[in-house]
1. Considering only region 200-278, give the strands (runs of 3 or more DSSP E) lying wholly within it that have at least 2 residues that are crowded, with 20+ Cβ neighbours inside 10 Å.
2. What number goes with the only condition from (1) farther than 29 Å from residue 171 by Cα; (2) touching a residue at least 60 places away in the same chain (Cβ under 8 Å); (3) out of contact with any strand residue (DSSP E or B) (no Cβ under 9 Å at 6 or more places or on another chain) that residue 270 does not pass?
3. Go through (1) more than 20 Å from the chain's Cα centre (by Cα); (2) surrounded by 18 or more Cβ atoms within 10 Å (Cβ to Cβ); (3) in contact (Cβ under 8 Å) with a residue 40 or more places away in the chain and name the single condition residue 195 misses.
4. Identify all residues within region 151-192 that are over 13 Å from the mean Cα position of the chain (by Cα), part of a strand (DSSP E or B) and surrounded by 21 or more Cβ atoms within 10 Å (Cβ to Cβ); write none if there are none.
5. Show me the helices (runs of 4 or more DSSP H) found entirely inside region 1-117 where at least 2 residues are more than 21 Å from the chain's Cα centre (by Cα) and either surrounded by 16 or more Cβ atoms within 10 Å (Cβ to Cβ) or free of Cβ contacts under 8 Å to residues at least 24 places away in the same chain (or both).
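Quick note: the coordinates plus some simple rules give every number you see, no bench work behind them. Please read these numbers as outputs of a predicted model, since none were measured by experiment. Note: ideal-geometry Cβ built from the backbone for every residue, glycine included; neighbour counts use all protein chains shown.
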């Protein structure tokens with residue numbers, strides 16, 4: 001796509017979305033953000049970026065897309081908490097299924113050429129027998145969040161076949177880095193880092209041996225840029241291929257923060273799986289993408305970000 005391409009980023013004032021906006025601007029795209037600001041923050045966006053405060057399920061969001069008529073949509077807006085999805089599956093479906101269809105339909109009417117969708121590599125496969133898991137592995141979500149993300153993928157497939165909207169699904173691993181919300185139910189790195197720097201207690205759910213595949217947010221922004229041009233796979237994993245358990249993650253963060261308290265342990269959360277890591281070979285072959293920031297470097301950068309935040313509030 002040419003450098004003058006107009007882009008709508010839903011959820012663009014949020015954690016991952018704002019990093020995507022930065023990278024798009026670096027590549028000379030014209031960006032409009034749609035975000036309901038339930039978790040996103042206007043200060044995450046560079047000055048001059050148009051921000052439309054709207055829920056993705058609303059007519060306001062759909063009408064905004066029709067006015068902008070973007071060549072590209074990056075759909076990052078979502079309900080992202082697995083535990084919330086298990087408590088309120090209707091809410092999860094309203095945002096992640098109906099919201100996605102609303103954005104897709106506006107894209108169809110607007111003549112959008114390409115749609116990049118953030119799915120969940122951590123949940124759509126359920127609990128795989130073999131790790132790391134590739135895109136050919138059968139899907140089998142074990143929580144409403146994974147089911148809603150997989151449903152969004154199915155709608156993208158249908159819109160591509162029926163209406164000709166080209167799309168790429170990025171099945172993301174556990175993403176971490178600066179700007180992640182340390183006060184929500186998702187984002188263990190941010191939650192632990194912020195609490196440790198403040199000397200507050202932390203809780204590990206279960207025995208701490210659950211493994212996740214952690215990818216630094218700047219690498220996800222790179223994946224989006226790689227997915228924009230025509231062609232490439234319809235879906236691909238974005239992960240490191242390695243699993244890190246929560247106990248190990250906690251130990252690394254304790255060392256980086258100087259935290260001396262011992263973690264508390266609570267009951268496992270409903271819907272959580274035991275272990276997941278993603279084989280991103282297809283992304284490497286088709287998109288030329290591989291993660292550049294290792295876990296040690298990424299955690300250090302994230303801790304420094306929250307250290308500055310804590311310092312500015314004292």
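1. Those strands (runs of 3 or more DSSP E) span 214-216, 235-238.
2. (1)
3. (3)
4. Within region 151-192, 167, 168 qualify.
5. Answer list for region 1-117: 59-68, 99-110.
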